[in-house]
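Values quoted throughout were computed directly from the atomic coordinates according to the rules given, and no laboratory measurement underlies them. Computed from a predicted structure; not experimentally measured. Cβ placement follows ideal geometry from the backbone for every residue including glycine, while neighbour counts extend to all protein chains displayed.
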Amino acid sequence: MEANTRSTGRLPAAFLTPGSSSFIDFLGEHSPDLLPRNRSLPPLQGAVEIPHGTTIVAATFPGGVILAGDRRATMGNIIAQRDIEKVFPADEYSAVGIAGTAGLAVEMVRLFQLELEHYEKIEGAVLSLEGKANRLSTMIRGNLGMALQGLAVVPLFAGYDVDREKGRIFSYDVTGGRSEEHGFASTGSGSVFARGSMKKLYRKDLTEDQAITLVVQALYDAADDDSATGGPDLARRIYPIVTVITDEGFRRLTEDESSDVVRAIHERRLEQPDGPRAELL
Amino acid sequence: MSTPFYVSPQQAMADRAEYARKGIARGRSVVVLQYTDGIVFVAENPSRALHKVSEIYDRIAFAAVGKYNEFENLRIGGVRYADLRGYTYDREDVTARGLANVYAQTLGTIFSSVGEKPYEVELIVAEVGAAAEDDQIYRLPHDGSIVDEHGAVAVGGNSDSIGAYLDQRHRDGMTLAEALKLAAESLGRDSNGGERTLTAEQLEVAVLDRTRPQQRKFKRILGRQLARLLEADSAATTKTDDPSDEEEE
């Protein structure tokens, strides 16, 4: 699509009409064909093999929140991609991790990032963290038709709330239902194992480094029991993507930093394959 | 039926141009200067809510003088154009040149269409490059022409004398503090020859800083940091990301 749709080459009237600060609303009025929700899908015959992203985990600690994801995309029983990236910054103080149909999810994240940036530029102010979470909810709801045909996208949204001065996590279901999670959360095929792992290891007073170790342990446990979740690949140097959001903003761990965490955990697991043990009583 | 008076096309366009120019000349000026790390935008604007300088895209910013509702409309149109283009293709494909062209076409069509009143605005669209030679500054007068500018440029009420003052004193490789002080001095010159000293509260300042690690290079300079830069001698640091200087928002 090009702005010069008129012979004069001037900005079309829709561009100069005062209105919503939402980029999605603007797209809906000006070029609705670009919106994912306006796509219709022919009825499917049986299962389609499409790359799916798997496990995303998040945990809060005093002063911020960690969002991390494994690196595997699967297509049926095939590993479609070993080094896919499923955790993205949404803006300076929030991040989104995606599980589900990879192609649609990446498109949703791109549109979500743009939605937040567009609002910020037009309004000259940043949306509240709740506002961002609700915006994402609407986008997931827009994908409901596809989700019911097996092309679901289920993200996890984490951010630092600058007003309340703490990290917060929001989880979603395919209908766009949004719920705030306290402490830790996970989504994707390995999420049940990751949740079990974090349930036993999580404490409220974790430091940032401990919280990073916690989420990587959880991903390790998920990969241990779920074939669709990729464990750390030491030989290929493919490590989980770990992001930290604090009052200083979004930061993604460098490859060296995640390598250190993963190697420390791996070292211990050579002795104790099931990982750290919690107290019985 | 009454016969309309004949007005020659030349006269009609001259009238429209004069109308637009008078509207623009009523407002305060905006100056845009290249400095060593990027491009600085300085406007005399006591309002904190109505901006004359704004971000359009990663490396592109917008400055305007004239009628607020008209240039605000153009700004929003520009943001929509840039975001849509970046979404359709790639962030790399949004350029100041493309945006300036669309603005020129828009202003030009409005200026020469009999049914519409000409916009009383003058715009600047600037893009910061990887090095000072790659910086682009375009000035867009009310009639839809584009002027490619280098170094320093002024638009608005007293732009002729401010521009001449800047041309004499601006040089390549100025620090941010130097460029900012020159901008403030130039904006303080009135058309009747008087001089005022502008304080940090009267100025709206923003930079496109190529050294910013973030993808979005636009940053407003506010409060204490602005006051410090205006007072600083020329040797002062030009860093815009120093968190210790930032005002609590």
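The figures follow:
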{"item": "Histogram of C-alpha separations across region A:47-106, 10 Å bin width, %", "result": "23, 47, 22, 7, 1"}
{"item": "Region B:21-155: relative contact order as a whole-number percent, Cα under 8 Å and 6+ apart", "result": "29 percent"}
{"item": "Dimensionless Rg ratio for the protein assembly as shown, taking C-alpha atoms and the 2.2 N^0.38 Å reference", "result": "1.14"}
{"item": "Zone of A:A278's modelled label, taken as backbone nitrogen in region A:150-183 under 14 Å from a point 7 Å along Cα→Cβ", "result": "A:183"}
{"item": "B:R169-B:R224 pseudo-label distance in nm [points 7 Å out on the Cα-to-Cβ vector]", "result": "2.8 nm"}
{"item": "Per-peptide average of other Cβ atoms within 10 Å, ordering A:28-41, B:21-34, B:143-156 highest first", "result": "B:21-34, B:143-156, A:28-41"}
{"item": "Cα lying deepest toward the dipole's positive end in region A:161-207, options A:T175, A:G196, A:A185, charges on Cβ", "result": "A:G196"}
{"item": "For region A:203-281: rounded, prolate or oblate by the Cα gyration tensor [a/c cutoff 1.5]", "result": "oblate"}
{"item": "Cβ charges +1 (Lys, Arg) and -1 (Asp, Glu), total dipole of region A:226-281, debye", "result": "180 debye"}
{"item": "Fraction of beta bridges assigned by DSSP in chain B that are antiparallel (%, nearest 5)", "result": "100 percent"}
{"item": "Ratio of the Cα radius of gyration of chain B to 2.2 N^0.38 Å, where N counts its residues", "result": "1.05"}
{"item": "Under 26 Å from the Cα of B:K52 - lysines, other chains or at least 8 residues apart", "result": "A:K121, B:K22, B:K67, B:K117, B:K181, B:K217, B:K219, B:K239"}
{"item": "Relative contact order for region B:175-233, counting Cα pairs under 8 Å that sit 6 or more residues apart, in percent", "result": "35 percent"}
{"item": "Computed magnitude of the charge dipole of the protein assembly as shown (debye, nearest 20; Cβ of K, R +1, Cβ of D, E -1)", "result": "1040 debye"}
{"item": "Positive-end residue of B:I24, B:S2, B:V65, charge dipole of region B:1-68 with Cβ unit charges", "result": "B:S2"}
{"item": "Only Lys, Arg (+1) and Asp, Glu (-1) charged, at Cβ; region B:1-93 dipole about Cα centre in debye", "result": "440 debye"}
{"item": "Simple spin-label estimate for B:R48 and B:N192 in nanometres, 7 Å along Cα-Cβ", "result": "3.2 nm"}
{"item": "Expected-Rg normalisation [2.2 N^0.38 Å, Cα atoms] applied to chain A", "result": "1.07"}
{"item": "Rounded if a/c under 1.5, otherwise prolate or oblate - region B:33-144, Cα gyration tensor axes", "result": "oblate"}
{"item": "Shape category assigned to region B:113-216 from the gyration tensor of Cα positions, a/c cut at 1.5", "result": "oblate"}
